[in-house]
Amino acid sequence: MEYIKNRFYEKTSKCISEYQKLRKEHGDKVLTEVTIGQVLTGMKGIPALITDTSKLDANEGIRFRGFSIPELRKQLPRLNPEGEPLPEGLFYLMLVGEIPEEEDVINISKDWATRAHVPQHVFDVIDAMPKTARPMTQFSAAIVAMATESVFQKAYRSGIHKKYYWDFMYDDVMNLIARLPRIAAYIYRRVYFKDKHIEPDPRLDWAGNLAHMMGHDSDEVKRLMRLYMMIHADHEGGNVSAHTTHLVGSALSNPYYALGAGMLGLAGPLHGYANQDVINWIFEMLEDLNTNEPTKEQIEGYVQRTLQAGRVVPGYGHAVLRVTDPRFTAQKEFADKYIKEDKLVNIVNTLYEVVPPILGSVGKISNPWPNVDAYSGALLYHYGIKEHPFYTVLFGVSRSMGVLASLIMDRLYGLPIERPSSYPLEWFKEQANTK
Ligand code: NMX
Ligand code: MLT
């Protein structure tokens, strides 16, 4: 499918000169002031990165190349008019910058199916770990182990000219994304189904095949997996997994290393682990309250006790968003459409009524609204994917699309090594006292 690579190059290569021109002619232009507060609270709001694939608006949520999730759920090609778009289409959009034709999407599906072979030593690395190793430990180790296959690394070491880096990066990225469903499903079946593995079906689409290899073959699960893979794919460049992948890539590390590092960031409780933590926390709550159908008042009491214990309410809050995450809404719409009655989904819906006013009343919490992780676990659980320690792996498979599409562009633009400056606390104290 060389034509997709060529189309990407045709569309994006003109940006190389735009990038160079900005650097040369406008390098001195002041963008913004940076406050001590921003530096001391996680660099929030500092325009510090170039990311073309998506942009997050605090009050609207994510837009992929300008398109919102509701727009994409209408416009991206799908297999069935009733179903969800194929994530392959979102990848094309993020990479090329245009809504693809159905044929383009089918071609990416086919291309990824032909690239999906995972070398045996990657399975051996997974199998060398105890089954009790966290799924994200196994997932990131498998990704790093696959760096043996990096064509970018080989090309770099053979002395290739830097203007061709992106081309080798493209092939690595396509191979890597193609193989992640197989690796994820292998870990899932290994840990939870006594190593009874299911072979890929190359006729299936990328997300449908993932559901199939996990052993969940209904049309509805495949639709859910397509939605899940689409909405988790990217969240501009500053989130921990995207920023880490980009940063490690800036040292010209191969994309297997870069994504492996990004996945380790995703594994943290304030980031992608939150999708497991929501379910853990709900089950802890049910145990504490000794009921499967807690009342609104009981849930309110438990939320208050969580805060009093100095813990966060998982699935709520966001570093950038100041409204309900549209990814939460997309999942709620899916649940409203397909699920008639489910105790866990009901609890998640009640939490949506109960939690925001409580968090809002605390005073210091910038965003009391739910994020993507507040809903995803309940949906997966409903469809029989009950193994919550695995949920972050699914987030990671999806996130690979956005962060790796960006990595190809990083190398096409020729972005340099990223190296901000750091100062001791004393320096900030001095700045605070300077008029
Ligand atoms: N429950 C309790 N306290 C919270 C919450 C929450 N859900 N969200 C923020 N806070 C606290 C936060 O811990 C901080 O407290 P302190 O000053 O004592 O350190 C204070 O409110 C101010 O934090 P914010 O500026 O509102 O949030 P920040 O940008 O630092 O963090 C999150 C953003 C997402 C890390 C934070 O809201 C959080 O921990 N949420 C729960 C975990 C979660 O759902 N993470 C998933 C995010 C999405 N994803 O998939 O990555
Ligand atoms: C994400 O999807 O990366 C999370 O919502 C976290 C973020 O955007 O900071």
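The values are calculated or read from the model by the stated rules, or taken from the named source; none is laboratory data. Not measured: the values here are computed from a predicted model. Cβ: placed from backbone, ideal geometry, glycine included. Neighbour counts: every protein chain shown.
Taking the conditions exactly as written (modelled with pLDDT of 95 or more and surrounded by fewer than 20 Cβ atoms within 10 Å (Cβ to Cβ)), does Asp277 satisfy them or not? Walk me through how you get there before you give the answer.
Working: modelled with pLDDT of 95 or more: yes; surrounded by fewer than 20 Cβ atoms within 10 Å (Cβ to Cβ): no.
No.
Filtering His271, His235 for residues that are over 22 Å from Lys386 (Cα atoms), within 12 Å of ligand 1 (Cβ to nearest atom) and part of a loop (DSSP other than H, G, I, E, B) leaves a single hit, His235. Residues of the stretch 357-380 that are out of contact with any Phe, Trp or Tyr (no Cβ under 9 Å at 6 or more places or on another chain) and of a type in the set (Ser, Thr, Tyr): Ser361, Ser366. Every test in (1) in a loop (DSSP other than H, G, I, E, B); (2) within 16 Å of ligand 1 (Cβ to nearest atom) is passed by Thr245 save one, and that test is (1).
Conditions tested, residue by residue: (1) surrounded by 20 or more Cβ atoms within 10 Å (Cβ to Cβ); (2) modelled with pLDDT of 95 or more; (3) away from ligand 2 (no atom under 16 Å from the Cβ).
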{"position": "Ile177", "(1), (2), (3)": "yes, yes, yes"}
{"position": "Ala184", "(1), (2), (3)": "yes, yes, yes"}
{"position": "Arg190", "(1), (2), (3)": "no, yes, yes"}
{"position": "Asp205", "(1), (2), (3)": "yes, yes, yes"}
{"position": "Ala211", "(1), (2), (3)": "yes, yes, yes"}
{"position": "Leu227", "(1), (2), (3)": "yes, yes, no"}
{"position": "Ala233", "(1), (2), (3)": "yes, yes, no"}
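Entry remark, the stretch 41-57: residues being within 18 Å of the chain's Cα centre (by Cα) and in contact (Cβ under 8 Å) with a residue 40 or more places away in the chain number 8 in total. Taking (1) under 22 Å from the mean Cα position of the chain (by Cα); (2) in contact (Cβ under 8 Å) with a residue 40 or more places away in the chain in turn, Asp127 satisfies each apart from (1). In this entry, Thr35 passes the filter for residues that are within 16 Å of ligand 1 (Cβ to nearest atom) and either on the phi < 0 side of the Ramachandran plot or modelled with pLDDT of 95 or more (or both). Every test in (1) among the small types (Gly, Ala, Ser); (2) more than 16 Å from ligand 2 (Cβ to nearest atom); (3) surrounded by fewer than 19 Cβ atoms within 10 Å (Cβ to Cβ); (4) under 28 Å from Arg63 (Cβ atoms) is passed by Gly384 save one, and that test is (4).
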